[in-house]
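A short worksheet on the structure shown next.
Every number here is computed from the coordinates shown, using simple stated rules; none is lab data. Bear in mind the structure is a predicted one, so any value in this text is a computation, not a measurement. Cβ: placed from backbone, ideal geometry, glycine included. Neighbour counts: every protein chain shown.
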Amino acid sequence: MNRAEPFLEALDRKARMLAPAARATYEANKDLCSWLLDPLGRWAEAAYGEKVFDEAARGYASYCLGVAQAQRIYERAGRYTPEAMPEIMSGVYEDEGYMVPYMWAAILIYAFWPSMVNHLALFRNNFLRRLPSDASVLELACGHGVLSLLAAEERPDLQVEGVDISLPAIAVADRLLKVSGHSGRVKFATRDALQTNGSDGGGGYHGIISAMLAEHLPEPKPLFSAMGRMVSKDGLVYFSTAIESAQRDHVYEYNQESQPLQMAEVAGLRAIWLVSDAGHASAGGRFLPRATAMIFQRR
Ligand SMILES: C[S@@+](CC[C@H](N)C(=O)[O-])C[C@H]1O[C@@H](n2cnc3c(N)ncnc32)[C@H](O)[C@@H]1O
């Protein structure tokens, strides 16, 4: 069943200025966007009822507005000027009223921003479809949990664990999990991605997902060290991050694609595929907001 349409119609109602661009991105990438939106629409409606489409559209609208405002402040300041971590924790990650709409937006941008559609392609084609059989997968900062659920949907042989620092985000992930039919193979927990749980010493995971996390960490180098330690010899890491792209909770500023690549190399990880895209950029600023996604394997 086509579940993209309810999301797009909700954008027409609740985010009218953003709807044409979102629809154009969807129309140009129907197969890939439906790969995300069809199961997402099914799970979201089963978990939250049909009001969820309007709520997701409102979340998408306020997120896009927040991104545009943050980018204007960044252009004036010349650098990211985030609040202190305790304020980000209480005002963003621990605040259900902020976090739940943010989580709908965080997943919808994969289907509605041209730059993120390329991430989705890399995630599905070059990561999920190439993981070894019966792989165990860890998702760091899983947020809404939808990438983990898509992993389970795409590959019935995978076992997936997702962790996120935000209780309200994990509550969304758990609600979607409950109706997804993947409860036996996916589990979510509230935890700091950098906090070890004893199982990360010996290359215990065949797949690691770290999507749009590094820019949220005051210092991302320990994230790369942890991924280098945790991924198995034959495993793959899917990594993505924002570059020169300000948001309220972006605290680490990357300016060049070579910076995360270098951090990965130092941690023993080598990029085997990479996309970087400024598909959502506005022209004329001194910064070019973009997002990069990479697949790493152990060197
Ligand atoms: C932009 S969202 C990305 C969510 C999802 N990975 C995606 O790609 O849509 C950033 C996520 O990072 C989480 N986060 C931030 N700092 C974290 C940390 N230290 N450990 C675990 N999760 C963290 C936030 O709670 C939020 O869910």
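Some points to look at:
- Placing +1 on each Lys and Arg Cβ and -1 on each Asp and Glu Cβ, with no other charges, gives the chain a dipole about its Cα centre of roughly 480 debye.
- Solution diffusion estimate, µm²/s, Stokes-Einstein, the chain, Kirkwood Rh from C-alpha pairs, 37 °C, viscosity 0.692 mPa s: 171 µm²/s
- Taking a ≥ b ≥ c as the square roots of the Cα gyration tensor eigenvalues, region 166-299 comes out oblate, since a/c reaches at least 1.5 and a/b does not exceed b/c.
- Sorted fewest first by neighbouring Cβ atoms within 10 angstrom, ASP234, ASP31 come out as ASP31, ASP234.
- Label reach from ASP234 (point 7 Å along Cα→C-beta): in region 154-179, amide nitrogens under 15 Å belong to 158.
- Note: relative contact order over the chain, using C-alpha pairs below 8 Å and six or more positions apart, is 18 percent.
- Counted as membrane-span-like here are DSSP H helices of the chain whose alpha-carbon atoms extend 20 Å or more along the helix's own axis and whose Kyte-Doolittle mean is -0.5 or above; these are 30-48, 52-77, 96-112.
- Residues VAL92, VAL186, VAL67 arranged by fewest to most Cβ contacts within 10 Å: VAL92, VAL67, VAL186
- In this rough spin-label picture, where each label sits 7 Å from Cα along the Cβ direction, the GLU219-ARG191 distance is 2.2 nm.
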